[in-house]
Amino acid sequence: MIKSIWPFSNKPSKASLERQAEFTNLMELAQDVAARDPRGLLDLVRLYTRPIQTELLLSCAKRPPHEGKAEIAPHQLFMPSARLVLTSHSHYPQLDETQFEVDLAKDPILPGPWYRERYAKALSEVGSGKKSGAWEQDGNHSVAAILPWGIACVFGGNHSIAAGILAGEGVVTPCEAWDMSGLLAKVRCDGIHYVEIETGKPICKMHDPKMGAVFEIGRLLEQHQITPLRRL
């Protein structure tokens, strides 16, 4: 709870304060995990992104045909309303994508299956014991690994990737990998806003406490030199 006296026009709303309280709780767990064994932070990223993944996977079923939510692009992960020069992955160093792999059964990957007919076909045919057999990567599967969080954004193959997630099988080598840790050097999340570190000025509101916490967990992953999705 913020104890400062705010000017009336800048006073956070009740909803903002509730989101900040949730963010604080999420970060307290992250700090506790980091103190015990920072490798557990990877599991927290999976946990905090799981509801977002689930909503994307459900969207095509809940909405009218062909109106499922689109996949989440890298610039939409944390601050979708901020300027692209700050949030676009293309402004950060590109890594060797062959050094990483995404396990569909556990890693945070965010496809957006939007076309119900394709979704039904993929779910009924893709997976061990089904018509098309076990899930395998092909040329249609286009995934970008976003470090330091280890989140995979999907550019192609949304329906079959979603089927692999739900079947609990499949491994993807990303077509791209990007190190966006430079964003952490420019921005921090205080539970109400994403704030420019250099000036202390708010950039935009934090709308999702889970993703705000994931953003700051990226800082902890860097501090403890933990790299997600790396091939063994």
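For residue 16, indicate whether it is part of a loop (DSSP other than H, G, I, E, B), of a type in the set (Gly, Ala, Ser) and either touching a Leu at 6+ places or on another chain (Cβ under 6 Å) or over 27 Å from residue 165 (Cβ atoms) (or both). Spelling it out, it is not the case that residue 16 is part of a loop (DSSP other than H, G, I, E, B), of a type in the set (Gly, Ala, Ser) and either touching a Leu at 6+ places or on another chain (Cβ under 6 Å) or over 27 Å from residue 165 (Cβ atoms) (or both). For residue 182, the criteria (1) under 25 Å from residue 70 (Cβ atoms); (2) at pLDDT 95 or above; (3) open to solvent by 10 Å² or more (accessible area, probe 1.4 Å) hold in every case but one, which is (1).
Restricting attention to segment 198-207, and to residues there that are within 20 Å of residue 80 (Cβ to Cβ) and without any contact (Cβ under 8 Å) to a residue 60 or more places away in the chain, which single residue is least open to solvent (accessible area, probe 1.4 Å)? Residue satisfying both the conditions and the ranking: 202. Among the residues making up segment 73-85, a single one is crowded, with 17+ Cβ neighbours inside 10 Å, assigned to a helix (DSSP H, G or I) and touching a strand residue (DSSP E or B) at 6+ places or on another chain (Cβ under 9 Å): 74. Considering only residues in segment 17-32 that are surrounded by fewer than 17 Cβ atoms within 10 Å (Cβ to Cβ) and of a type outside the set (A, V, I, L, M), the one that is modelled with the lowest pLDDT turns out to be 18. For first residues located in segment 79-99 and among the acidic types (Asp, Glu), partners that are at pLDDT 95 or above and lie 6+ apart or on another chain with Cβ distances below 6 Å form the pairs 97/174; 97/176; 97/177. Looking at segment 33-65, which of its residues are surrounded by 12 or more Cβ atoms within 10 Å (Cβ to Cβ), among the hydrophobic types (A, V, I, L, M, F, W, C) and over 18 Å from residue 162 (Cα atoms)? Scanning segment 33-65 gives 33, 34, 41, 42, 44, 45. Scanning segment 104-125 for residues that are touching a residue at least 60 places away in the same chain (Cβ under 8 Å) and either more than 16 Å from residue 142 (Cα to Cα) or surrounded by fewer than 16 Cβ atoms within 10 Å (Cβ to Cβ) (or both) yields 105, 106. Pairing each residue of segment 210-225 that is free of Cβ contacts under 8 Å to residues at least 60 places away in the same chain with any residue that is open to solvent by less than 10 Å² (accessible area, probe 1.4 Å), provided the two are 6+ apart or on different chains, yields C-beta distances under 6 Å for 219/184. Applying the selection to segment 86-103, what residues are loosely packed, with under 14 Cβ neighbours inside 10 Å and not in a loop (DSSP other than H, G, I, E, B)? If the condition is that a residue be loosely packed, with under 14 Cβ neighbours inside 10 Å and not in a loop (DSSP other than H, G, I, E, B), then 90, 94, 98 are the ones that fit.
The values are calculated or read from the model by the stated rules, or taken from the named source; none is laboratory data. Remember, predicted model here, so these are calculated numbers, not experimental data. Cβ sites come from the backbone with ideal geometry, for glycine too, and all protein chains shown count toward neighbours. Surface areas here come from the heavy atoms of the whole protein model, side chains and all, with no ligands, DNA or RNA. Shrake-Rupley method; radii C 1.70, N 1.55, O 1.52, S 1.80 Å.
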